[in-house]
Structures are given as C-alpha cells and as structure tokens.
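Below: one structure, written as structure tokens.
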Amino acid sequence: MPYPVSAPVRERVPQLLRRELQHRLDTLARRHRVPGAQLVLDTGAEVVALHTGVADAATGAPLTGDTAVPVGSLTKPYTAALVVLLADDGDLDLDDRVAAHLPEFRPLREVTIRQLLGHTGGLPTGPDSDTAARSTAAHYLAEVCTARDALFPPGTGFSYSNAGYVAAGRLVETVTGMPWPEAVATLLLEPLDTVPAFLGPLPAGPAAAGRPLAAGHAFNAATGRVRPVRQNLAPVEAPAGALLLSAADLAAFGAAAIGRAKALPADVADELRRPQPGARPGALADGWGAGLALYRKDGRLWCGHDGNAMGTSCHLRAEPDGGTVVAFTGNAGSATALWRELAAELAELTGIAVPAAIAPVAAGEQEPRGVPAELPECAGDYRNGGIRYRVEAAHDGGLTLSVDGDLPLPLRCYADLRYDLIAPDTGRPEPGGWFHRDPATGVVDLVQVSGRTARRTGPA
C-alpha cells in the first residue's frame, strides 16, 4: 500500500495518488465491463480528475474529462436548485401550495413545493417513458394528481417520484416563462461553467455541438461484449432526467451545494440540504433535503444523489463540514458496482469514507433491527400508480416480493417492519425498504420498495 490510510489526502504526494487512483479506475472498469468512467475527487485543497476507456463501444471514441454522460436522475437536484433559486428571488415560496401555481394539483391541494422537492408529497412515480411520450406536461400531471393515486397525506411519508419533478419543471416554466432547458441552462449551468447538453429532441445548447457525448451500454451475454443502448426518456420527463454531464460538471455542482461556489447562494445551498420532515427514504439514503439525498458515514453527514439512465450509473457525494466532493460517471449499468468498489478503495487510499450506498444488515446483526422475523400480516397486494407489488408467503414461512408479475424475490424481514431483498444472483441481502402499520388501525397499509412507497389494495 503506497500510503498510510490515516493520512489525509492533502498530505499525500498528489502525483503518486493520482497514478494509483488511475490504476484502480482502469482496473475496476475492466473488471466490471464498463467501457468508460470518470472520477473527480475535490478536497478543497486538491483536485484529482481522472477518466478511462471509451465513450461509445461501437465507434471507439475515447471518453475524456469533458465527455458528457447521461446522468438520469442526477438531473433532479439541478431542477430542485432552480426552484429554490426562484424562491430565494421571491418569485415563489417553498411552502406555497403547488395548486396555487399549477391547476393540475387542485385534487391534491395540500401538497407544498417543498414536499414536491423532497418526495414527501405522496405522489406516485408516474407512468413509464413510453406512455409519457404521448403526454403534455399538463395531461401527465392531471393523470397523476388524483386522490385515488395519492399514497399518503402530504408530509407524512416518502416516495421517490419522477412525477414530482415533472411538476417541478412545469413550475419553473410557469414562473420564469422559459422552457425548462432554457431555464436550467441560463440560470444554473452557465453560472457553473457547464456546457448544456440534453437527451432527446431538446436543444443541446449553443456550444454542445462541439462537446463529446457518451452512450450508455448494456452487456450482451450472447457475444460477451457491451453494446450501446438507446436512451428512452419522454420530453415531458426532461426535468427529472434529461441532462448529460461530466464528473467535473457534477463536482462543480456539488461544490456549490455545500457553499463552496457562488453559483448557488448560501441560503439556496442550505435549503437543498435541509432535512425534510417525513423523509424516510429507506434503501436510497438516510434522509432527504429539498432536492438532495442525505447520507451518514462514520459520524459525518454527506449530501448528493444517484442517477441511472439507460446503461449509465452516475453518483455525487459532497461533505459540507470538510468540503470534500466526489463525483463519478460510468457508461454501463454495471458501473454501480464499480462505484461501490471504487468508494471503498478511496477510503483505503485517502482515508475519506464516501457513503456509496446504504448498507444491508449483516448476518447475525442484532441492532438496530434485531433477528429476522416472520411477518405474515404484510402479505398482500400494493400499488404505486400503475406499478403493482405482490407480497406472498413463502414455503419457509418468509415472504417474497414481485413487481408487476416478475420473478418473486425472497425477503428477510425484521420485527421493526424493515426488510432486505435477497439478490437472486449472489444470495446476499440488499436493503429493500419497510412496511408501515397504520397507527390508528394497526393494519399494515404501505410498503416501501427501493424508495418508492405503494399503498395496500388487498390481502394476499
């Protein structure tokens, strides 16, 4: 090992650290069949920016530090920042009812803008991209914002919702009079020195034509190779997932989100990170602000977000107290595993413990969940918008979970109503979510699956 793990990164020899991190990034990209990846480590004193591989496996175009990668849901913090900037300018108030600005929300009059940004408004996730492609924003939201589909009273729970960010983008357009791409480019990307680039038929921005762009990739089991895949995002979903960014772009946003850059005023950055009441995101994070996920690691609080487009996996973490920012992009779905392994190696090399993912309960662990428990009362049918979840009793007395009729996955449940999913390929537990018991009736009425909550519609 070239460095003692207890030494802070700024005390290391930068060139040696850079070479070792480059070696690890190259090695892990090959191991996980990721064609190209970028990593930025910014401690406030030192910046290490690395890249490896190709942007497109079909053409062999190299992936550079400037290559923009489809970042999927990492678009959402940018949209949230736009809304909070508008609030900081006095154009709206985060505690306004959304219905005061968007008529589609009249059936859900109690939902506030702050709850929209923090996924605590009780909205379902929204239709799939193929269905959404046939919708205008107004029609999309009118279909989603119904009392029948509301998951819980606003502010009392958490359910990750693309629909909430379609609404946030429409809110930006209503207040500014600009299309969302123009608003995010003018008010946020340009102050961050980020060249705008968007998925689909959206305008790419005045300089994006000269910017290299990466494709997402999937592994082809028949050939043993990775192949480029087509991105599938409806135009109406742009505020939830249309940006293409480099790790350097993400790091610039992360620095602004922790108060290290002028692109976001301090009050805006604080608001993005302020924990939201009722935000219990389960497997996604330890908490949620008005646009940023919150993570705890070794006594430190980090903020950030994850994003997956078709065949990409991108991640941002920033630590306000220490000022460290870590950004990663990978242009294959398997880059999620690369990111997690790379984060562990960052801790080994630099002593910076980055919260890459929420950890499952270890085998034999007694706290905080206790020993596994049978929860037959949780069996039943649940629904989030058009997504159907079925929880059934298994032969061994445990439970299984299937989504829209897919292969049932075994659950490892605990007495506090949390559960882990048992991965079919490895047999390892992965954080799944929790069941919720109505305090008035004592009946289990909700299940959260990977951050999305579904309401019970019937018994097993």
Against the condition over 26 Å from ALA269 (Cβ atoms), hydroxyl-bearing (Ser, Thr, Tyr) and part of a loop (DSSP other than H, G, I, E, B), how does THR223 come out, does it pass? yes
Counted residues in segment 427-449 being part of a loop (DSSP other than H, G, I, E, B), open to solvent by less than 80 Å² (accessible area, probe 1.4 Å) and out of contact with any Asp or Glu (no Cβ under 9 Å at 6 or more places or on another chain) come to 2
Counting only residues in segment 204-214 that are open to solvent by 20 Å² or more (accessible area, probe 1.4 Å) and modelled with pLDDT of 90 or more, the one farthest from GLY330 (Cα to Cα) is identified as PRO212
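Every residue, every condition in (1) open to solvent by 10 Å² or more (accessible area, probe 1.4 Å); (2) under 19 Å from THR329 (Cα atoms); (3) not in a helix (DSSP H, G or I), yes or no:
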site	(1), (2), (3)
ALA37	no, yes, yes
THR52	yes, yes, yes
LEU74	no, yes, no
PRO77	no, yes, no
VAL84	no, no, no
At pLDDT 90 or above and not aromatic (Phe, Trp, Tyr): which single residue out of ASP425, ASP321 fits that description? ASP321
Note on PHE253: of the conditions (1) aromatic (Phe, Trp, Tyr); (2) touching a Phe, Trp or Tyr at 6+ places or on another chain (Cβ under 8 Å); (3) within 20 Å of GLY385 (Cβ to Cβ), unmet is (3)
Subset of segment 158-201, residues open to solvent by less than 10 Å² (accessible area, probe 1.4 Å), within 30 Å of PRO439 (Cα to Cα) and assigned to a loop (DSSP other than H, G, I, E, B), comes to PHE158, SER159, SER161
Outside any loop (DSSP other than H, G, I, E, B), surrounded by 14 or more Cβ atoms within 10 Å (Cβ to Cβ) and at pLDDT 95 or above: does that describe ASP66? no
Answer yes or no: is there a residue in segment 374-383 that is modelled with pLDDT under 95, assigned to a loop (DSSP other than H, G, I, E, B) and surrounded by fewer than 17 Cβ atoms within 10 Å (Cβ to Cβ). yes
Residues (open to solvent by 20 Å² or more (accessible area, probe 1.4 Å) and not in a helix (DSSP H, G or I)) located in segment 92-119: ASP93, ASP95, ASP96, ARG97, HIS101, ARG109, GLU110
If you go through ALA290, ALA255, ALA283, ALA269, the only one that is open to solvent by less than 50 Å² (accessible area, probe 1.4 Å), part of a helix (DSSP H, G or I) and in contact with an Asp or Glu (Cβ under 8 Å, 6 or more places away or on another chain) is ALA255
Taking segment 386-426 and keeping only residues that are in a loop (DSSP other than H, G, I, E, B), among the small types (Gly, Ala, Ser) and within 23 Å of the chain's Cα centre (by Cα), one is left with GLY386, ALA423
If you go through ARG296, ARG274, ARG317, ARG340, the only one that is in contact (Cβ under 8 Å) with a residue 24 or more places away in the chain, basic (Lys, Arg) and open to solvent by 50 Å² or more (accessible area, probe 1.4 Å) is ARG296
So, of the residues in segment 120-157 that are of a type outside the set (Gly, Ala, Ser) and assigned to a helix (DSSP H, G or I), which turns out to be farthest from TYR382 (Cα to Cα)? HIS139
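The values are calculated or read from the model by the stated rules, or taken from the named source; none is laboratory data. Remember, predicted model here, so these are calculated numbers, not experimental data. Note that we place each Cβ from the backbone using ideal geometry, even for glycine, and neighbour counts take in every protein chain shown. Ligands, DNA and RNA are excluded from the accessible area calculation, which covers all protein heavy atoms including side chains. Shrake-Rupley method; radii C 1.70, N 1.55, O 1.52, S 1.80 Å.
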